[in-house]
1. Please find, among Ala21, Ala58, the residue that is free of Cβ contacts under 8 Å to residues at least 24 places away in the same chain and aliphatic (A, V, I, L, M).
2. Hey, could you check region 26-63 for residues that are of a type in the set (Phe, Trp, Tyr) and under 15 Å from Gln319 (Cβ atoms) and say which is surrounded by the most Cβ atoms within 10 Å (Cβ to Cβ)?
3. Answer with yes or no whether Phe46 is over 26 Å from Phe153 (Cα atoms) and either polar (S, T, N, Q) or part of a loop (DSSP other than H, G, I, E, B) (or both).
4. I'd like to verify a number: residues in region 212-238 that are in a helix (DSSP H, G or I), among the aliphatic types (A, V, I, L, M) and in contact with a Ser or Thr (Cβ under 8 Å, 6 or more places away or on another chain), how many?
5. Report every pair of residues separated by at least 6 positions or lying on different chains whose Cβ atoms are under 8 Å apart, first residue within region 243-266 and closer than 16 Å to Gly207 by Cβ and touching a residue at least 60 places away in the same chain (Cβ under 8 Å), second buried (at least 18 other Cβ atoms within 10 Å of the Cβ) and not hydroxyl-bearing (Ser, Thr, Tyr).
6. Is there any pair with a first residue in region 149-168 that is of a type outside the set (Val, Ile, Thr) and a second that is loosely packed, with under 13 Cβ neighbours inside 10 Å and at pLDDT 85 or above whose Cβ atoms are under 7 Å apart and which are 6 or more apart or on different chains, and what are they?
7. Could you check region 277-303 and list, in sequence order, the residues that are touching a Ser or Thr at 6+ places or on another chain (Cβ under 9 Å) and closer than 18 Å to Phe44 by Cα?
Amino acid sequence: MRKGILENKYSNPDENNSSFAKRLWIYQKERFPFFGHGILVAAFSFSAISYSRICRGAEGFVDWTTFLVGVFTTISLFFLVRIFDEFKDAEDDARYRKELPVPRGLISLGELKMIGIVLAILQIVLNGLFFPKMLFLYVVVIFYLCLMGKEFFIPSWLKKHQFWYVVSHMFIIPLIDIYASGLDWLLAEVGAPHGLVFFFGVSYMNGIVLEIGRKIRSPQDEQTGVLTYSSMLGAGKAVKYWIAVLFVTLILSMAASYYAGYGWMAYAILGSIFLICCVPALLFLNGHVPKYAKAIEWSSAGWTIAMYLSLGGIPMLEQFWRGF
């Protein structure tokens, strides 16, 4: 029996008193699905490295030990972001989102803190053993993550200014992207390719696409105290903002394609993906149906994966194929 377990009407005593491994498994399924997020972040890392190598004309890929250690670091960094958010949002979650794992007692903040410490130690040890040069970029990411955890020491102001909250917090994504791409250019001791500026821009905007996309709800699904863009802006206006952000990301992805020398076919593919992803948004505008709101969230994830694979992953896989 665990001591000091939080309980509310959503608590499941059997789950709350089960082994740590089982509780962690349930937690990750709800808050950070390792399989789904792992695929997304692995694609993110693979594409960042691939795009860097393609832009600078390097043959082949980095060695697989470098890639696997890098992927572990990037996935665990995003998991640390999730853990930091649990602490940052603890008060609001306890008040308005009692069904979440921490408020209902499935896992404690203390346990999440220990997981975070273990992950950070593993990150430092692995990077220090395999490529000490990467520790500087790693420390930059961790420093910014700590600032996010403290809400840049202006939590009240940021809470009242959601635009600046999103703008400031999304920088963590291109920072992790800089780390991932550095597994190529930094370890090769060459300058970062100029095209990476646009690739990082795509990463930044992808974060905003995901952020807005997952917080659009139909009016009947809105919950008191749960911040959504559809409740702040109105469902129609929120969707239009999402489409606008998607379009800006499209333009940046085309610029990144230009610097990589991909040609007109890449523009056609990117434009087609954009139009397909806009379909659920247009359907939602015609009728605020819950299934279309959920489809916007899925389109956001699909768009993000498609962008990374189109800009770096698939061109690198084509190189592998030609090499056989």
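1. It is Ala21.
2. Tyr51
3. Details: over 26 Å from Phe153 (Cα atoms): yes; either polar (S, T, N, Q) or part of a loop (DSSP other than H, G, I, E, B) (or both): no.
Taking the combined requirement at face value, the residue does not satisfy it.
4. So the count comes out to 3.
5. Listed by first residue and then by second, the contacts come to Ala256/Gly195; Ala256/Phe198; Ala256/Phe199; Ala256/Gly201; Ala256/Val202; Ala256/Leu311.
6. Gln162/Met232
7. Result: Trp303, single match.
Each row is one residue, and each column tells you yes or no for (1) polar (S, T, N, Q); (2) surrounded by fewer than 17 Cβ atoms within 10 Å (Cβ to Cβ); (3) outside the structural domain of Ala58 (by TED's automatic domain parsing).
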{"site": "Ala260", "(1), (2), (3)": "no, no, yes"}
{"site": "Ile269", "(1), (2), (3)": "no, yes, yes"}
{"site": "Lys294", "(1), (2), (3)": "no, no, yes"}
{"site": "Ser299", "(1), (2), (3)": "yes, no, yes"}
{"site": "Trp303", "(1), (2), (3)": "no, no, yes"}
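The values are calculated or read from the model by the stated rules, or taken from the named source; none is laboratory data. For clarity, every value in this text was computed on a predicted model and none was experimentally measured. Cβ sites come from the backbone with ideal geometry, for glycine too, and all protein chains shown count toward neighbours.
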